[in-house]
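Below: one structure, written as structure tokens.
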Amino acid sequence: MSSIDYEIDLLSKLVEVDTVSATKEGYDLCAFMVAEEAKKASLKVEILDGEKAARDGVSRPNVIVTLDSGSDTTLLLESHFDVVPPGEGWKYPPFKLTIENGKAYGRGAADNKSGIAAALGAMRQLADNEDLDINIKLLASVDEEIGGTYGINYVVSDCGVSGDAALVLDSGPERLFLGASGIIWGKILVQGKQGHAGYPFKAKNAIEGALQLISEFKSYRHAVEKKSSILRAPPDSPRDRVWGRFNITMIKAGEAENIIPGTCEVRFDRRLLPEEPIAKAERELITFFDSATKRSRYRARLEITNKFSGYLTSPDLVFVRTVSRMIKKTLGTSLPMAGELGGNDGNFFAKHNIPVVCFGPIRTGTRYHGKDEFVHLEDLRNVRDFIVNLGKVGRDEVKS
Ligand SMILES: [Zn+2]
């Protein structure tokens, strides 16, 4: 087993910088450190600042590190260095790396500064290799935790950074993830008639209408939950395959105890299968809503407030088979292929037809986004070694 002193040392430097996405205070310093580290390893560095699209004077330096071997084939690696706020009650200092019993604690230690440490560690080793057949480009991005518009989306969509395949390191090492769920968010506005609570016969309570409608939506929810993906669910799931999900997530109505509310707003979240076409899912939802409101004596309106497609990378692609083989070579065992229940940055690559898979050091139970986040040093090593193995494959093993 080779040493991971370099990766731990780099991770420790990165964790010490407060890069919370909301304030972005440490972005420049952290980007500078990643860039300096890359230059020391004779790698090419470019900064793509999302501020150029945001135009608000707040810098959002995405660091692009390239190992150029003169190939016509490029593998993209993606990891982000922004973090969510630490919150209260940590046993360990959140912005200092503490090593204890094979674990490294700190905010971002797993999500996702570990990905940058593993990738740079691997690229540094590969830089000495003269027989590489592919180029490797690390996209160390910002703003991932707040949607990635001026992070990886800016890099891929606005700046046109592209490659033949992408590996997202913002993920766990228990599965090879080939997809993520799509999302439909929406708002239902139920119309009643506002009135004095002492004279209910003169009013029409919109909360009553909303409750009826919510109860109608139980059958929609059951139908959605019967949908099953070809991809397996992540570890700790109650189901074997990724499934459809629907939840009422917000209800808003009422002004005071003595006023019968005239409107009630209900919001929902629908999660699609990775392979589910979003237009079809939207039609199903609208059809159900129309028939449910017809059965009710209330008027109601549906508005889709946001939607994103999921994505599914075909398990038959050469690249997916190569990644699978390199995982087996590194870990000594094959991993099941699975889909994520949430969304992830893989979307931005899939949107541009770049085949994308996710495998990284964020293991289940590492408390990412929670207090006392940590990464297993073993996972840091494995991901680094896996990238080294993947970097040595031939161009025909990456290109589809
Ligand atoms: Zn992340």
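The values are calculated or read from the model by the stated rules, or taken from the named source; none is laboratory data. Source: prediction; values computed, not measured. No Cβ is skipped: glycine too gets one built from the backbone with ideal geometry, and neighbour counts run over all protein chains shown.
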Report summary line: Those residues of the stretch 244-283 which are over 26 Å from the mean Cα position of the chain (by Cα) and of a type in the set (Asp, Glu) amount to Glu255, Glu257, Glu265
**Report entry** Long-range neighbours under 9 Å by Cβ, at least six apart or interchain, first residue without any contact (Cβ under 8 Å) to a residue 24 or more places away in the chain within the stretch 293-317, second assigned to a strand (DSSP E or B) and aromatic (Phe, Trp, Tyr)
**Finding:** none
Report task. Enumerate the pairs (first residue in the stretch 142-155 and within 11 Å of Lys24 (Cβ to Cβ); second residue anywhere and assigned to a helix (DSSP H, G or I) and more than 11 Å from the ligand (Cβ to nearest atom)) with beta-carbon separation below 6 Å, excluding pairs fewer than 6 apart on the same chain, so at least 6 apart or on different chains. Result -> Val142/Tyr27; Tyr150/Ala53; Tyr150/Ala54
Query raised in the report: Does Lys392 count as of a type in the set (Lys, Arg) and under 27 Å from Val161 (Cβ atoms)?
Result: yes
Query raised in the report: Yes or no: Asp133 within 16 Å of the ligand (Cβ to nearest atom) and either in contact with a Phe, Trp or Tyr (Cβ under 6 Å, 6 or more places away or on another chain) or among the charged types (D, E, K, R) (or both)?
Result: no
Report summary line: Picking from Ile207, Ile188, Ile230, the residue that is on the phi < 0 side of the Ramachandran plot, outside the structural domain of Gly360 (by TED's automatic domain parsing) and part of a helix (DSSP H, G or I) would be Ile207
Query raised in the report: Does Leu77 qualify as being assigned by TED's automatic domain parsing to the domain that holds Lys137, within 16 Å of the ligand (Cβ to nearest atom) and among the aliphatic types (A, V, I, L, M)?
Result: yes
Query raised in the report: Which one of the conditions (1) assigned to a loop (DSSP other than H, G, I, E, B); (2) more than 16 Å from the ligand (Cβ to nearest atom); (3) more than 22 Å from Arg321 (Cα to Cα); (4) touching a residue at least 12 places away in the same chain (Cβ under 8 Å) does Ala110 fail to meet, given that it meets all the rest?
Result: (2)
Query raised in the report: Does at least one position in the stretch 270-291 carry a residue that is crowded, with 18+ Cβ neighbours inside 10 Å, closer than 18 Å to Leu211 by Cβ and of a type in the set (A, V, I, L, M)?
Result: no
Query raised in the report: When the stretch 138-165 is examined, which residues are found to be within 16 Å of the ligand (Cβ to nearest atom), of a type in the set (Val, Ile, Thr) and not in a helix (DSSP H, G or I)?
Result: Val142, Thr149
Report summary line: Only one of (1) at pLDDT 95 or above; (2) surrounded by fewer than 21 Cβ atoms within 10 Å (Cβ to Cβ) does not apply to Gly342, and that is (1)
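Every residue, every condition in (1) in contact with an Asp or Glu (Cβ under 6 Å, 6 or more places away or on another chain); (2) at pLDDT below 95; (3) among the hydroxyl-bearing types (Ser, Thr, Tyr); (4) closer than 20 Å to Ala104 by Cα, yes or no:
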| position | (1), (2), (3), (4) |
| --- | --- |
| Ser21 | yes, no, yes, no |
| Ala38 | no, no, no, no |
| Leu43 | no, no, no, no |
| Ile47 | no, no, no, no |
| Ala53 | yes, no, no, no |
| Gly57 | no, no, no, no |
| Ile64 | yes, no, no, no |
Query raised in the report: Given the residues Tyr220, Tyr199, which is the only one that is among the hydroxyl-bearing types (Ser, Thr, Tyr), under 30 Å from the mean Cα position of the chain (by Cα) and assigned by TED's automatic domain parsing to the domain that holds Arg301?
Result: Tyr220
Report task. Grab the strands (runs of 3 or more DSSP E) fully contained in the stretch 294-363, keeping just those with 3 or more residues being more than 16 Å from the ligand (Cβ to nearest atom). Result -> 299-308, 337-340
Report summary line: Pairing a residue in the stretch 332-343 that is under 15 Å from Leu176 (Cβ atoms) with any residue that is basic (Lys, Arg), where Cβ atoms lie under 6 Å and the two sit 6 or more apart in sequence or on different chains, gives Ser334/Lys328; Leu335/Arg175; Pro336/Arg175; Pro336/Arg232; Ala338/Arg175; Ala338/Arg232
Report summary line: Checked against (1) more than 22 Å from the chain's Cα centre (by Cα); (2) modelled with pLDDT of 95 or more, Lys399 satisfies every condition except (2)
Query raised in the report: Restricting attention to the stretch 364-393, which residues are assigned to a loop (DSSP other than H, G, I, E, B) and either over 30 Å from Asn101 (Cα atoms) or away from the ligand (no atom under 16 Å from the Cβ) (or both)?
Result: Lys371, Asp372, Lys392, Val393
